[in-house]
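For reference, the structure discussed in these notes is given below.
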């Protein structure tokens, strides 16, 4: 900001827009979230600690974090391939495929949840073969991971696409001319350039997965200690009118996601800088 | 040097947003001949019931008083609806699944007096329901009563009592059945001299409910989710459901998919209705809101309830053909067996209660 202002940006309106941004962020994000902290403060430190260390909450958080991480990781790999395919090649039906990517965004989450459960239930198309090899699709931690993978896909693909489009083909050609193998070009030229976007996509998918409720409650089966997700416990606490307890779990999720997003942001800057220096 | 922020911009933005937030509201509806609007905040399975009832009541009110009344409905999970009213959804009347939810509105937001349940006949429940079993067509596993649900070959589907009000009735009905089987006569619960026998029976009941939930492969978060699991995904052999929901399911699916089985004993579910005094007075709708609730007990109200598969409290007014659909079943009251909702909620469903203990430590 200081940097922009010092150069006396050619665009007018720095003051008002910054003021507006602060105000808007406060109204839309900061004030609602700070209410959460106030609510959970009713519990005091001891009460807060008791809530977030109870075995149910710990088990649910382990599942939520684990499944969100696994889902985001799967998307980071598979989403990269999808984004690559969509950006680098031309083929019939491409526009259609590109539009399909956004469906998990657009569908009401309950609809995706019910559809996925139908598919992966022991009686479903995909659930039956899984069942035959001894894997439980729906109503298991695997089911939760599947739902979160579904939900997270657009985040990864949509953040990677612009980065891939911006890649300079000349660099790859130069690498090839200089005798680099295709694998080496990919590893040394392409991947470093898109790592920041990949990290962003991963972080967005992960954070979204952590809070996802609508689609997961259908496929998880909600068995205490085994397939309960953290947001379900928040709802369970609200059903008891235990606002403070619900807020405590929410604060835990919030702080964890914030730390994660912050870490990824730092990683991203670091990797961006390294890439620039290397280039 | 950072460019100076012009504080007048911030001030203007704050004022603008503030004035937006304060606009509207404060309108008073004058009672009398002017058209009037009433908001009824209800739970999910009453959609069809109140669609019919609202139409009948509006016609009745117009004829009686010459005033047009528009009825607005809000449906959703009972707990969620109660929280919405607590947080400021200005309902004139609430018609919810559990007295506990209306109690919460009274105690947490003081929107109606604590003694609300005594203001209308029959504990403010103009219609009742109960918990029945839905089984696969022809009842292949011969499931007849609660005992059968703990058999190792039976899988039971019920929503999670922590998130679904309906599931709490399921759980309590099973508990009451086990108590009755142990004690023979539930009036012994009230007898201080029988305390030892009652304590022993409670232990057995807890074992029974634990065994039953060990037969549950999926705990959906709500009743509709469980119905889906049972009907669409063909999971489980028996679904525990509200009687009115079970009838709706049979209607919807046709008679060759599922059968209703009525156990020997079940629980009397009393969906309660109440005037929300603070909001009704604010809107000036008290007279019509009270009439709206009282008319539920009228012959027309009772007939409409029975038509939509709720058991009317005054069956003589209902259509005999509708009544014939309700089999006789011994129904126990939550006040007699569990000492009321507040107690049941605290002992069984609050965090750390008996339901949680079933699952800790996890299997």
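The values are calculated or read from the model by the stated rules, or taken from the named source; none is laboratory data. Fair warning: this is a prediction, and the values are worked out from it, not measured in the lab. Virtual Cβ from ideal backbone geometry, glycine too; neighbours counted across all protein chains shown.
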Checklist outcome for this item: Across segment A:130-170, the tally of residues that are in a helix (DSSP H, G or I) and over 30 Å from residue A:116 (Cα atoms) stands at 6
Checklist entry - Among all residue pairs at least 6 apart or on different chains, which show Cβ distances below 9 Å where the first residue, located in segment A:56-84, is more than 14 Å from chain B (Cβ to nearest Cβ) and without any contact (Cβ under 8 Å) to a residue 12 or more places away in the chain and the second is crowded, with 20+ Cβ neighbours inside 10 Å and outside any helix (DSSP H, G or I)? => result none
Checklist entry - Within the bounds of segment B:141-155, is there any residue that is within 14 Å of chain A (Cβ to nearest Cβ), part of a loop (DSSP other than H, G, I, E, B) and in contact (Cβ under 8 Å) with a residue 40 or more places away in the chain? => result yes
Item to check | Lone unmet requirement of (1) surrounded by fewer than 19 Cβ atoms within 10 Å (Cβ to Cβ); (2) out of contact with any helix residue (DSSP H, G or I) (no Cβ under 7 Å at 6 or more places or on another chain) for residue A:84 | outcome: (2)
Checklist outcome for this item: Okay, helices (runs of 4 or more DSSP H) sitting entirely in segment A:171-279 with 3 or more residues that are touching a residue at least 60 places away in the same chain (Cβ under 8 Å), away from chain B (no Cβ under 14 Å) and closer than 30 Å to residue B:77 by Cα, I get A:191-211, A:243-278
Checklist entry - So residue B:106 clears everything in (1) touching a strand residue (DSSP E or B) at 6+ places or on another chain (Cβ under 7 Å); (2) within 13 Å of another protein chain (Cβ to nearest Cβ) except one condition, right? Which one? => result (1)
Checklist entry - Is at least one residue of segment B:133-144 surrounded by 23 or more Cβ atoms within 10 Å (Cβ to Cβ) and within 17 Å of the chain's Cα centre (by Cα)? => result no
Checklist entry - Out of (1) modelled with pLDDT under 95; (2) touching a helix residue (DSSP H, G or I) at 6+ places or on another chain (Cβ under 9 Å), the odd one out for residue B:175 is which? => result (1)
Item to check | Total residues in segment A:107-129, condition in a loop (DSSP other than H, G, I, E, B) and within 20 Å of residue A:68 (Cα to Cα) | outcome: 2
Item to check | Scan of segment B:59-73 for residues that are buried (at least 16 other Cβ atoms within 10 Å of the Cβ) and within 30 Å of residue B:224 (Cα to Cα), ordered by number | outcome: B:71
Checklist entry - Among the residues of segment B:207-227, which ones are surrounded by 15 or more Cβ atoms within 10 Å (Cβ to Cβ), away from chain A (no Cβ under 14 Å) and more than 24 Å from the chain's Cα centre (by Cα)? => result B:208, B:211
Checklist entry - Would you pick out the residues in segment B:41-55 that are part of a strand (DSSP E or B) and surrounded by fewer than 23 Cβ atoms within 10 Å (Cβ to Cβ)? => result none
Checklist entry - Is one or more of the residues making up segment A:42-53 within 13 Å of another protein chain (Cβ to nearest Cβ), assigned to a helix (DSSP H, G or I), in contact with a helix residue (DSSP H, G or I) (Cβ under 6 Å, 6 or more places away or on another chain) and surrounded by 12 or more Cβ atoms within 10 Å (Cβ to Cβ)? => result yes
Checklist entry - How many residues does segment B:228-259 contain that are surrounded by fewer than 23 Cβ atoms within 10 Å (Cβ to Cβ) and assigned to a helix (DSSP H, G or I)? => result 10
Checklist outcome for this item: Quick count over segment B:150-162, residues being more than 13 Å from residue B:345 (Cβ to Cβ) and crowded, with 24+ Cβ neighbours inside 10 Å, is 5
